[in-house]
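Let me begin by presenting the structure, written as structure tokens, before commenting on it.
The values are calculated or read from the model by the stated rules, or taken from the named source; none is laboratory data. Treat the numbers as computed from the prediction; the structure is a model and nothing was measured. Every residue, glycine among them, receives a Cβ derived from its backbone with ideal geometry; neighbour counts consider all protein chains shown. Calculation scope for accessible area: heavy atoms of the full protein, side chains included, ligands and nucleic acids excluded. Shrake-Rupley method; radii C 1.70, N 1.55, O 1.52, S 1.80 Å.
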Amino acid sequence: MSEGPSILFLKNKLQRYKGKTVTKISGKTEFDESFFTNAALIDIQTFGKNFLFVFKDFFVAIEVNLVGNVLVNKQKKVIANFAFHFDDNEINFYDSNILIQKGKPVDYFNFKTDISKPEFDAESILSEFQTKHAEEEIGDALLNQNILAGVGPIIRTETLYHAKIHPESLIKSIPEKKLIFLLKMVQDYAEELLTLLKTDSVEKNALIFEKKNCPKDKTPIIIETVGGTKTYVCPKCQKLFK
């Protein structure tokens, strides 16, 4: 559950719960249950790696972590972080961060940073890269959800390979045209990833993520740890800008 498109993919499978009334909530995360008294689920949206369950006067944002799970009408042996219960159904969230916020998601989240939304503003992201994060490595910045909501390890690995940029490159040293192309690839690959998820063919179609050799010249792929998570790099194809 580490990519925005994977959240969007599962959100589409949960649409049957729109209009349903929550009978109770449960889980390790404690909240005021009075919020949910006779609360009808108006909509299910996403923002980056967050599910957004929208009710009349509030919404619940659930960020599923890298090793997290969402189980429908199934449970693990451990207690879920949070669970919605309907008449004869339940949705359980494990290894997740929960936020209950009054108002609407659009008032709380900046949809212009979401790589899977039509509001995505690449020009604004480029400006933020160059003015506020110039000294950072591009591999770190891509996983910063405050900059690019929805980018995870797969999108980072594949788009940096497409753009021929090493993840340890400093943003200030990367030519602007390269950054523009990278942001275009992020948006395009997010759409492609959603399509691949529908056919369960992400691993098959990945170019270097979890691969041993570069598809172009068979150079051995190396594994780097950038931003606390591993990424895959072709040392020959991807240039290091320092």
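Among the residues of region 207-236, write down those that are assigned to a loop (DSSP other than H, G, I, E, B), out of contact with any helix residue (DSSP H, G or I) (no Cβ under 7 Å at 6 or more places or on another chain) and among the hydrophobic types (A, V, I, L, M, F, W, C).
Cys214, Ile221
Go through region 98-122 and count every residue that is buried (at least 17 other Cβ atoms within 10 Å of the Cβ) and aliphatic (A, V, I, L, M).
4
Within region 161-171, is even one residue over 18 Å from Asn144 (Cβ atoms), modelled with pLDDT under 95, among the basic types (Lys, Arg) and exposed (fewer than 15 other Cβ atoms within 10 Å of the Cβ)?
Within region 161-171, none of the residues are over 18 Å from Asn144 (Cβ atoms), modelled with pLDDT under 95, among the basic types (Lys, Arg) and exposed (fewer than 15 other Cβ atoms within 10 Å of the Cβ).
Restricting attention to region 89-145, which residues are touching a Leu at 6+ places or on another chain (Cβ under 8 Å), assigned to a helix (DSSP H, G or I) and under 15 Å from Asn50 (Cβ atoms)?
Passing the criteria: Pro105, Thr113.
Could you list all residues from region 18-30 that are surrounded by 14 or more Cβ atoms within 10 Å (Cβ to Cβ), part of a loop (DSSP other than H, G, I, E, B), on the phi < 0 side of the Ramachandran plot and under 25 Å from the mean Cα position of the chain (by Cα)?
Thr29, the sole residue that qualifies.
Take the conditions in contact with a helix residue (DSSP H, G or I) (Cβ under 9 Å, 6 or more places away or on another chain), under 24 Å from Lys112 (Cβ atoms) and either free of Cβ contacts under 8 Å to residues at least 24 places away in the same chain or open to solvent by 20 Å² or more (accessible area, probe 1.4 Å) (or both) and apply them to Ile180. Does it pass?
So Ile180 fits the description; yes.
Go over the candidates Glu3, Glu33 one by one and state the one that is open to solvent by 30 Å² or more (accessible area, probe 1.4 Å), in contact with a Lys or Arg (Cβ under 8 Å, 6 or more places away or on another chain) and modelled with pLDDT under 95.
Result: Glu33 is the single residue among Glu3, Glu33 that is open to solvent by 30 Å² or more (accessible area, probe 1.4 Å), in contact with a Lys or Arg (Cβ under 8 Å, 6 or more places away or on another chain) and modelled with pLDDT under 95.
Of everything in region 55-79, what is assigned to a strand (DSSP E or B) and open to solvent by 10 Å² or more (accessible area, probe 1.4 Å)? Give them in sequence order.
Phe58, Glu63, Asn65, Leu66, Val67, Asn69, Val70, Leu71, Val72, listed by residue number.
Of (1) in a helix (DSSP H, G or I); (2) of a type outside the set (Phe, Trp, Tyr); (3) within 21 Å of Ile115 (Cβ to Cβ); (4) open to solvent by 20 Å² or more (accessible area, probe 1.4 Å), Lys204 satisfies all except one. Which?
Looking at each condition in turn, Lys204 falls short on (3).
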